[in-house]
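K.L.:
My questions all concern the structure below.
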Amino acid sequence: MKGPAARLDALPLALRGPAWMIVACFAFAGVWALIRAASADLHPFALVFWRNLFGALVILPIAAAAWNRETLKRWPGHTRRATSGVIATYATFFAVANAPLADVQAINFAAPLFATIAAALFLGEKLRIRRIAALLVGFGGVMIVLRPGHVPMTPGIAAAVLAALSTAFSLITIKQLVGTDDPRLVAAFTFFIMLPLSALVLPFYWSWPQPLTWLLLAGVGICAVVGQLATSYAFRAAEATAVLPYDFLRFGIVAWLGWQLFGERVDAMTLAGGAVILAASIYLAYREQVAARALRPASQPPLT
């Protein structure tokens, strides 16, 4: 990834963050399509182990290049991030294998909304009227997607909601970790800690993958690493409000893959609900950016 990374980092600063986010969108959409294809052969919970194994192998040399002993002093934070991450991964894989991809993606956009509430409850962050209004709008979008009473609450949809909740706690921990640790190590420790945890679950769902499935599993691991690293680089290169709007591209890619590969149709309500959720998340990121600027000393330059 060094070659492509160098070319993207050579772009003008205004284009660098969006370019990395677009790479992340394609990578994560690829993960979901590969999960759905591989789930025809393996249980989604078995896929979590293989994702972590291949991801750990891919990211190992990247982590070695960024190694810093100081990171070990913050292992409790990495463990919390991996714990919430493993729950989110199991829930996401189950949802992707058992629910329409576009619906799962729309619900997944609610993770920043849940993260805002969790930050208020566990980190003491204040929820002012504008943030509360954005949260209400965002959850209105969730209700548009779920349409209680009209769309059945299947196990796959319930897993997507659980995945969004778990991802919210991961986002909070990542926010704390990237302030002190190299983003490459934050991503790497997630794979390294999640691998033995998922290995404990694997025997209950074990079966040998078919030959073609091995290629799909390797693809899941590679795309997962690329997606996580690209997201880290995107937020390193630009503020959240500059890159989050491009995340909606992921919705379009996932919906298109679901239609082309698995014959899924996307209705207008799911598309509208996903747009509302993402818009609320972008506004919350904007308010966070404004608050951070207000607290930043006048002599401190903005992060780039």
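K.L.:
Could you check region 194-209 and list, in sequence order, the residues that are loosely packed, with under 13 Cβ neighbours inside 10 Å and outside any helix (DSSP H, G or I)?
P.N.:
Trp206, Ser207, Trp208
K.L.:
Please indicate, with yes or no, whether at least one residue in region 229-249 is modelled with pLDDT under 85, assigned to a loop (DSSP other than H, G, I, E, B) and buried (at least 22 other Cβ atoms within 10 Å of the Cβ).
P.N.:
Scanning region 229-249 turns up at least one residue that is modelled with pLDDT under 85, assigned to a loop (DSSP other than H, G, I, E, B) and buried (at least 22 other Cβ atoms within 10 Å of the Cβ).
K.L.:
Based on this model, can you work out whether Phe191 counts as in a helix (DSSP H, G or I), within 19 Å of Ala19 (Cα to Cα), of a type outside the set (Asp, Glu) and under 14 Å from the mean Cα position of the chain (by Cα)?
P.N.:
It is false that Phe191 is in a helix (DSSP H, G or I), within 19 Å of Ala19 (Cα to Cα), of a type outside the set (Asp, Glu) and under 14 Å from the mean Cα position of the chain (by Cα).
K.L.:
Shifting gears a bit: Modelled with pLDDT of 75 or more, part of a helix (DSSP H, G or I) and closer than 17 Å to Phe54 by Cβ: does that describe Trp214?
P.N.:
yes
K.L.:
If you don't mind, there's one more thing I want to ask. Every residue in region 254-281 that is touching a Pro at 6+ places or on another chain (Cβ under 6 Å) and modelled with pLDDT under 80, please.
P.N.:
Ser281
The values are calculated or read from the model by the stated rules, or taken from the named source; none is laboratory data. Because the structure is predicted, anything quoted here is derived from the model rather than measured. Here the Cβ is made from the backbone with ideal geometry for all residues, glycine too, and neighbour counts use every protein chain on show.
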